[in-house]
Amino acid sequence: MTEPPANLRRQVLHAAHRQRAPAPPAVLALLRPYAQQVAQLERLLVATLSPDDWTTPLPHHGDVTGVVTHLADNDALVAEDLGLVRDESPGPAAVATASPAQRWRHQTEVLLTELSRRDVAELDRTVRLAGRGQPQRPLRDALVQRTLETWVHANDIRQALHQPGVAPPADHVRLIVDLTVRLLPLALALTRPRAGALPADRGARLVLSGPGGGAWTFALEPGGIVRSVAVVVHAAAADLCHLVANRRSPEGFPCTVEGDAGLARDLLHAAATLACD
Amino acid sequence: MEEAADDEGELRQRLAAGDHSALAEAYDTYGPQVYGVALSVTRSRPAAEDVTQTVFVWLWEHPLVFDPARGRLSVWLRTLAHRRAVDHVRRERRRRWLPVMAQPSGVATAADEATLRSDTILRVQRVVAALPIALREVVELAYFGGRTYREVAAELGLPEGTTKSRIRIALRRMAAQLRSEGTGP
């Protein structure tokens, strides 16, 4: 085979860039993980599932059809809040007859394609998160949540296929933990029975092992400042992802705690409320 | 195989997400195949470069047109390259070859020659365009594309005997049509 000339690569990439600008790096940093999880789930839905698999009972959302419908509904919160409607969107008749998988695929394609054209400032735009109370958060948080939820439900569907679950890649784990840490103070305030009992300048530290692991220190109250750490929780990063996805119970969560054990328990219960189910 | 298909599905979604590095990966993986197809059809390095660029810019602008459920990305890109390359050959031959074919034999003024040539070109183009696709493509590749019948057969995936007979039939029909219009031999 004749190799193309060496300078053709650069010409091709420049020509492509001129025709369609790449997503800004900060946007791409959040879109790429989502795109990767979408591709994983799409592969399961399109190439792996047999017609019978769609009705296999599952612990969450009934069956595969229910899981995909639920995921598409939650994706729609972001799509609707951003006003992402394309001219080639199916009309009412097509929507009525589209399968849950078709609806989910179309919507993810709209999200990825349209957001790739948006400016980085768009990441600060407020949209609804899925889950309890549908809190209003910046798009940057919603995109991480879409990545998390797509991964979780792909694993739900693997369960229907009797396939082992897949851990998220390390860079996805870090995004998920970053989001968890941003949301935990509010979740703790909503769930902790002794709200206000701690001074505002105390914090907690998560020390996570395995791919995507690291240490995160955060205030216990929204907008708080950390002057001292009240509790340190050591756990596997992948386990924490399962906890915030409500696929692992806070009861008996595998971790070791230094400091306030009651506070650690409250944190774990608060983390479990962040799920989108 | 399944892993490659996974990669292609992910590549498609990353392209949709505006990930320019995904296009670089696609070029590194499939660029030589695309260029190879384009070069084999056009037999011109500059033309093959143009076709390769067109194919990858198209992929970048319309990544979701490729459906991994329907086939492999490599096949899709090679098919696209072949179509674009054949388009290129057709355009080039219409531009370069037809005026030569239409040289008038009689004595005429420059203006007359130009008029006659233009008229003949249009008639030949019309006759070729009126051929059924199966005949048109062999004529375009063999005469406008300068291929041997063996090369035409290989490019179109036809048996050599079929290719030869299609070329003969096409030329007979063209000659008959041009004669009936007073243009041909």
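The values are calculated or read from the model by the stated rules, or taken from the named source; none is laboratory data. The structure presented is a predicted model; accordingly, all values stated were derived computationally and were not measured. Ideal geometry is used to build each Cβ from the backbone, glycine not excepted, and the neighbour counts take in all protein chains shown.
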Check on B:Gly18, part of a helix (DSSP H, G or I) and within 12 Å of chain A (Cβ to nearest Cβ): no
Single unsatisfied condition, B:Gly36 versus (1) facing chain A (nearest Cβ under 9 Å); (2) within 24 Å of A:Tyr34 (Cβ to Cβ); (3) in a helix (DSSP H, G or I); (4) under 25 Å from the mean Cα position of the chain (by Cα): (2)
Failed item, numbered, when A:Arg146 is tested on (1) within 14 Å of chain B (Cβ to nearest Cβ); (2) over 12 Å from the mean Cα position of the chain (by Cα); (3) buried (at least 22 other Cβ atoms within 10 Å of the Cβ); (4) of a type in the set (D, E, K, R): (2)
Provide a single number: the residues in the stretch A:6-59 that are surrounded by fewer than 14 Cβ atoms within 10 Å (Cβ to Cβ) and part of a loop (DSSP other than H, G, I, E, B). 5
Out of all the residues in the stretch A:40-54, is one or more touching a residue at least 60 places away in the same chain (Cβ under 8 Å) and facing chain B (nearest Cβ under 8 Å)? yes
Residue count, the stretch A:29-39 (criterion: within 7 Å of chain B (Cβ to nearest Cβ) and either touching a residue at least 60 places away in the same chain (Cβ under 8 Å) or in contact with a Phe, Trp or Tyr (Cβ under 7 Å, 6 or more places away or on another chain) (or both)): 4
Reported set for the stretch A:210-237 where residues are modelled with pLDDT under 90 and on the phi > 0 side of the Ramachandran plot is A:Gly223
Selection status of A:Ala79, in contact with a Lys or Arg (Cβ under 7 Å, 6 or more places away or on another chain), within 28 Å of A:Gln134 (Cα to Cα) and either at pLDDT 95 or above or more than 14 Å from chain B (Cβ to nearest Cβ) (or both): no
Do we have any residue at all in the stretch B:47-66 that's surrounded by fewer than 24 Cβ atoms within 10 Å (Cβ to Cβ), in a loop (DSSP other than H, G, I, E, B) and within 9 Å of chain A (Cβ to nearest Cβ)? no
Would you please name the residue that is farthest from the other protein chains (Cβ to nearest Cβ), looking only at residues in the stretch A:108-131 that are touching a strand residue (DSSP E or B) at 6+ places or on another chain (Cβ under 6 Å) and surrounded by fewer than 17 Cβ atoms within 10 Å (Cβ to Cβ)? A:Thr126
Odd one out for A:Leu175 among (1) surrounded by fewer than 20 Cβ atoms within 10 Å (Cβ to Cβ); (2) touching a Ser or Thr at 6+ places or on another chain (Cβ under 9 Å): (1)
Single residue of A:Ala200, A:Ala189, A:Ala195 found to be modelled with pLDDT under 90, in a loop (DSSP other than H, G, I, E, B) and out of contact with any strand residue (DSSP E or B) (no Cβ under 9 Å at 6 or more places or on another chain): A:Ala195
